[in-house]
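Have a look at the structure below, then the notes.
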Amino acid sequence: MSPPKSVVVTGASRGIGHAIARRFLAEGWRVITCARAPVPPECRIDPNWASHIVADLANPDSAEDFVAQANAVLNGDPLRALINNAGISPKTPYRERLGVLNGSIDGWKDVFELNFYAPLRLARGFASALHRGKGCIVNITSIAGHYVHPFAGSAYSTSKAALSGLTREMAAEMAQLGVRVNAVAPGEIRTEMISAEYEALVPRIPLERMGTTADVAGTVFQLCSDDFAYVTGSEIFVTGGQHLY
Ligand SMILES: NC(=O)c1ccc[n+]([C@@H]2O[C@H](COP(=O)([O-])OP(=O)(O)OC[C@H]3O[C@@H](n4cnc5c(N)ncnc54)[C@H](OP(=O)(O)O)[C@@H]3O)[C@@H](O)[C@H]2O)c1
């Protein structure tokens, strides 16, 4: 019997990552996830949610432990997809976003550790398993990595711009392993990451609504399907058209 299709999803305790995990589960995939918090209890009922590993991916040692534990769960099985979703958009103690002129440089480094270096560490850590699965990586970037955003701070935006660039480089280097690498750039998606002020952006969105976590999860899932077997190094905007202006 062939092993089940397996996917690793980071940052799956809530928001977009949780919706991605649930979408793969609904399609019968075996799902391995991580976050700093446990998954909600009702999700543990699903036998295909093989493992949720508590890890802080902004901590290199914890990220390394996560890779080791997830590879142990795979136990030599191929990995079909890695979804680098976990990310932060933090504020300073004065509730400002980390900008060029405000916030500590160490704060910038923390943002890059999770939003940029963790996807790089995980791509390396799962490269063998992905090679076995002729799998793919989807990096969750952001519209803020491409345009100055009224609310996202510069630390966040530049970390996402860097992740877009890393997607291109990963796609070129990992093609030799038979691994595809793409990015999905959400616009304004209703989750805990965004606050009430974001509602003011709706008139700037051609489809005239905020996005849902299911909008992003569906795009990610389809990108991992065989219908996209010849697509690598691409970034798909899930923005309702907001990136057009
Ligand atoms: N929402 C939007 O409008 C939007 C727009 C563009 C891009 N994005 C991107 O989409 C991704 C998901 O965003 P979201 O809105 O769903 O955010 P969210 O609701 O804040 O969820 C973030 C997830 O990442 C996990 N996480 C945070 N820090 C972590 C760490 N150090 N180690 C491991 N896991 C960690 C969180 O769980 P714990 O707190 O339990 O660790 C949570 O599961 C992010 O990369 C974000 O930049 C979101």
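The values are calculated or read from the model by the stated rules, or taken from the named source; none is laboratory data. Small disclaimer: the values here were computed from a predicted structure and weren't measured. Because the Cβ atoms are built from the backbone with ideal geometry, glycine has one as well, and the counts that use them run over all protein chains shown.
Within 13 Å of the ligand (Cβ to nearest atom) and under 26 Å from S164 (Cβ atoms): does that describe I20? Here the answer is yes, as I20 does meet what is asked. Which pairs turn up if I take residues in segment 18-47 that are more than 19 Å from G133 (Cα to Cα) and look for partners that are of a type in the set (D, E, K, R) and surrounded by 12 or more Cβ atoms within 10 Å (Cβ to Cβ) with beta carbon separation below 7 Å, at least 6 apart in sequence or on another chain? The qualifying pairs are R36/D56.
Looking only at segment 180-193, residues that are more than 21 Å from P90 (Cβ to Cβ) and either out of contact with any helix residue (DSSP H, G or I) (no Cβ under 6 Å at 6 or more places or on another chain) or modelled with pLDDT under 95 (or both) come to 1 in all. Scanning segment 180-189 for residues that are more than 18 Å from H243 (Cβ to Cβ) and near the ligand (Cβ under 9 Å from one of its atoms) gives no hits. Scanning segment 87-111 for residues that are touching a Lys or Arg at 6+ places or on another chain (Cβ under 9 Å) and either in a loop (DSSP other than H, G, I, E, B) or touching a residue at least 60 places away in the same chain (Cβ under 8 Å) (or both) turns up G87, S89, P90, K91, L98, G103. Listed by first and then second residue, the pairs linking a residue in segment 199-216 that is farther than 11 Å from G187 by Cα to a residue that is in a loop (DSSP other than H, G, I, E, B) and more than 12 Å from the ligand (Cβ to nearest atom), with Cβ atoms under 6 Å apart and 6 or more places separating them unless they lie on different chains, are P206/G241; L207/G241.
The residues listed here are A70, A58; of these, the one that is more than 23 Å from S142 (Cβ to Cβ), hydrophobic (A, V, I, L, M, F, W, C), touching a helix residue (DSSP H, G or I) at 6+ places or on another chain (Cβ under 9 Å) and within 14 Å of the ligand (Cβ to nearest atom) is A70. The sole residue among E64, E96, E42 that is modelled with pLDDT under 95 and closer than 29 Å to S225 by Cα is E42. Scanning segment 194-221 for residues that are out of contact with any helix residue (DSSP H, G or I) (no Cβ under 7 Å at 6 or more places or on another chain), surrounded by 13 or more Cβ atoms within 10 Å (Cβ to Cβ) and not in a loop (DSSP other than H, G, I, E, B) yields Y198, L201, V202, G211, D215, T219.
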